[in-house]
Amino acid sequence: MEKREIRSRVYWLGVVDWDRRLFDSLVPLPDGTSYNAYLIQGSAKTALLDTVDPAVTEMLLAQLADVPEVHYIVSQHAEQDHSGSIPHVLAKYPQAQVIATEKGKDLLMLHLGIPAERITAVADGEELSLGDRTLRFLHTPWAHWPETMSTYLVEERILFSCDLFGSHLATSDLYVTDEGLAYEGAKRYFAEIMMPFRRFIQRNVDKVRALPLDLIAPSHGPIYGRPEFILEAYRAWLADAPKNVVVIPYISMHGSTRLMVQRLVSALVARGVTVHQFDLAATDIGKLAMALVDAATLVVGTPTVHVGPHPNVAYAAVLANVLRPNLRYAAVIGSYGWGTKAVEQVAGMIPNLKVEILGTVLAKGAPTAADYAALDQLAETIAAKHREAGLA
Ligand code: FEO
């Protein structure tokens, strides 16, 4: 794709990666992604904001073929999907200087071997003149590494936000045209990348909200022509209170745990609770992560495999622990053939989740009438807790 004009002498560059299906060898990408870079030509100097994943460097270099000079390469984030092509751009423009935060400078030296003398560190709020254009650097730590920053183009009121507000969404549209689709992609991104750092992200969003904004241009996904759309979405996802929602990741080997999950789901729905049920044998874990953004309660459903939880359940528990959703309550249900330590082991996998454990229901073999009654009682307890907390 050729570079595309956003404003006079302000261009989108980058690569739409339609076919990538996994990010960081962890995050599923059902809708692909993009690596956005931006070129800003001032009356005196030219700056390139971010680069692209090193696997597609050649495409960025092709877009720069008719750009005679780049004076500054602004590295907003040292993760390689944005920084990985910087060494190639530095080689093309031997006079160019990399601009980064102090922490970013360290990481660029460490990860990419960029010499210290080619990197200038900038302070929070510092400005850089390109002549008739001004770049203002806003430190936005933990969006999504500690060194991250955004760049505000003062005269055009455009925020280049890097990972913050990004979406894993491949599209030929330069701007968001389908807000439903963009919401889905941005929520997936938030759940997997931003949710673990909620407190920091809230501060960063507050900082952004103080700016006059015409556009938000992230480094993944389309540009927001209506910034309020994504700011409002982040406001909801960062809300202090979760929703009246239960998420149930589970797996079943011989059907007993599935029967138990079905009973619990039915009992919760009858009590007015919204439920998201995920069979971990075939779940897009990104969908699970998105559901956790809003959830108040996590119920893990597992059969017992050699005394412990099923490995897929262990994976989901560890993932939830890493993503640190805003959960308040948790429970474990499941079945076993002859003995189990599944509950103790699952509990040990989620130390980051500051949740109140509402109980366990374990069936030895196929669930009995007593097990179903216990599941109904668990649903009652969950619904009551949600009501008491003002969530329902
Ligand atoms: Fe898009 Fe944290 O890199």
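Annotations
- Listed residue (ALA347, PRO303, VAL261) projecting farthest to the positive dipole end of region 246-384, Cβ model: ALA347
- Helix axis angle, 311-323 relative to the chain longest principal axis, alpha carbon, degrees: 50 degrees
- Bridge orientation summary for the chain: considering DSSP beta bridges with both residues in this region, about 45 percent are antiparallel.
- Solvent exposure of the chain amounts to 39 Å² per residue of accessible area, where only protein heavy atoms count and the probe is 1.4 Å.
- Extreme residue, positive dipole direction of the chain, given options LEU26, THR151, THR360 (C-beta unit charges): THR360
- Accessible area of region 246-384 belonging to carbon and sulfur atoms, whole % at 1.4 Å probe: 56 percent
- Straight-distance candidates among the aspartates and glutamates for linking to LYS385, with alpha-carbon spacing under 19 Å and chain neighbours fewer than 8 residues away dropped: ASP240, ASP294, GLU356, ASP376.
- Rounded, prolate or oblate (a/c below 1.5 giving rounded, otherwise prolate when a/b exceeds b/c) for region 4-237 by Cα gyration tensor: rounded
- The C-alpha atoms of the chain define a longest principal axis, and helix 198-209 lies at about 40 degrees to it.
- Overall, the anisotropy analysis places region 299-392 in the oblate class: the square-rooted eigenvalues a ≥ b ≥ c of its C-alpha gyration tensor yield a/c not less than 1.5, with a/b not exceeding b/c.
- Relative to one another, the C-alpha centroids of region 354-379 and region 156-229 are positioned 41 Å apart.
- The value of relative contact order for region 243-392, using C-alpha pairs under 8 Å at least six residues apart, is 29 percent.
- From its DSSP helices (H runs of at least four residues, each -39,500 (n - 2.57)), the chain gives a residue-normalised ellipticity at 222 nm of -10000 deg cm²/dmol.
- Computed from label points 7 Å out along Cα-Cβ, the spacing between LEU211 and THR177 is 2.6 nm.
- Positive-end ranking of PRO87, THR46, ALA65 along the dipole of region 1-93, with charges on Cβ about the Cα centre, is headed by THR46.
- Shape call, the chain: gyration tensor on alpha carbons, a/c limit 1.5: prolate
- Net dipole in debye of the chain [+1 Lys, Arg Cβ; -1 Asp, Glu Cβ; about Cα centre; nearest 20]: 1060 debye
The values are calculated or read from the model by the stated rules, or taken from the named source; none is laboratory data. Everything quoted here is computed from the prediction, not taken from an experiment. Note that each Cβ is placed from the backbone with ideal geometry, even for glycine, and that neighbours are counted across all protein chains shown. The accessibility values were calculated without ligands, DNA or RNA, using every heavy atom of the protein model including side chains. Shrake-Rupley method; radii C 1.70, N 1.55, O 1.52, S 1.80 Å.
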